[in-house]
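The values are calculated or read from the model by the stated rules, or taken from the named source; none is laboratory data. Model, not experiment: these values are computed from the prediction. Backbone-built Cβ (ideal geometry, glycine too); neighbour counts: all protein chains shown. Calculation scope for accessible area: heavy atoms of the full protein, side chains included, ligands and nucleic acids excluded. Shrake-Rupley method; radii C 1.70, N 1.55, O 1.52, S 1.80 Å.
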Amino acid sequence: KMLGVTVPERCQYYRVILGELARIADHMICSGAMAMELGAFTPFLWSFQERENIYNLLEGWVGARLTTSGSRVGGMAADIPDKWLEGLQGFIRTFPKTIDECERMLTKNAIWVGRTVGLGVMSPDEALNYGLSGPMIRASGVDYDVRKDFPYLDYETYDFDVPVGTAGDVYDRFLVRVEEMRQSVRIIKQAVANFPTGLWYAPDAKRIFAPPKDKVLTSMEELIQNFMIVTEGPQIPAGEVYLEAENPKGILGFYIVSKGGGVPYRLKIRSPSFCNLSIVPKACVGCLISDVVAILGSLDFVMGECDR
């Protein structure tokens, strides 16, 4: 239930698939870019190729590659095209080989181990005190994942493991992300196997969800509905709410205060990149300048998210 609207089960599966594809793309680029920054260029190329494969899937679905805004309040931006699931199955069938190759090239590589083990260590207590989340806090030995501890999108029905590290260093952050990608593939396989039929939007969500484009072009009622939502925003009742999700970089949370109408009265975003970047003064103590490159690479932050 959301704002008195029942979102179809099909939307839940769509959102799980989108979320796990985003996790894979993020972790591949984080690991590949960090490898390049430490001198290993080949995993970087492999990572970008796999992200390109994901982008091709997303472009075929929502029409965008980077700004893939697939979810909507009350449904999805669009239904998947014909044979899209077959393309997704092809990706999850071949992608694990790339994970294995990247891990085989780096995990026991003497240079990689020497540049990452024991570096940028954060203890469990320090990770908690700094507000870390996602792979960052799990690499420090804290077994916390919103998908498991406070399930949403029916994640409690999926069979997957949460990888947890022990050392809290750059090396463990890499290993946690590698295993998380394998678990994401596992989740997507289950979503595809149990994928339901039905609508991709809530038909009773007229006050908050823009109607499908074909109906906007053929029906005056849907045209007016679309115009009102675009110009005034979805009509939300007064109140306040906080929601968070297990995003690739950590917990992304939104605290919203509404006085009613189409725009929030107050909005606070809890961004994981901002929290992850805050540990730099602590994690870099006693390190060489060259070590800072490895530590920053393991944080997986995006400055656009930090400087909101």
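Observations on the structure shown:
- Element breakdown for the chain at a 1.4 angstrom probe: carbon and sulfur atoms account for 59% of the accessible area.
- Simple spin-label estimate for residue 111 and residue 282 in nanometres, 7 Å along Cα-Cβ: 3.2
- Relative contact order for the stretch 1-131, counting Cα pairs under 8 Å that sit 6 or more residues apart, in percent: 20
- Estimated distance in nm for a label pair at residue 290 and residue 162, the labels positioned 7 Å out from Cα along Cα-to-Cβ: 3.7
- Approximating the spin labels as points 7 Å out from Cα along Cα→Cβ, the residue 190-to-residue 306 distance works out to 3.5 nm.
- Measuring nothing but alpha carbons in the stretch 49-177 and taking Rh as the Kirkwood radius, the Rg to Rh ratio lands at 1.04.
- Cut-off 11 Å, label 7 Å out along Cα→Cβ of residue 254, residues of the stretch 200-244 by amide N: 242-244
- Pairs of Lys residues in the chain are counted when their Cα atoms are under 27 angstrom apart and they lie 8 or more places apart or on different chains; the count is 27.
- Cleavage-rule hits (trypsin sites (Lys or Arg not before Pro)) in the stretch 99-174: DSSP loop, at most 14 neighbouring Cβ within 10 angstrom: 108
- Relative to the longest principal axis of the Cα atoms of the chain, the long axis of helix 84-106 lies at roughly 10 degrees.
- For the chain, the longest principal axis of the C-alpha atoms and the axis of helix 220-232 are separated by about 50°.
- Centre separation in Å (Cα based) which lies between the stretch 30-67 and the stretch 75-91: 19
- Qualifying chymotrypsin sites (Phe, Trp or Tyr not before Pro) in the stretch 58-110, where qualification requires a DSSP coil assignment and no more than 12 other C-beta atoms within 10 Å, are lacking entirely.
- The separation of the stretch 128-207 from the stretch 228-265, counted between C-alpha centres, amounts to 22 Å.
- Take every pair of alpha-carbon atoms less than 8 Å apart whose residues are at least six positions apart; their mean separation over the length of the chain yields a relative contact order of 22 percent.
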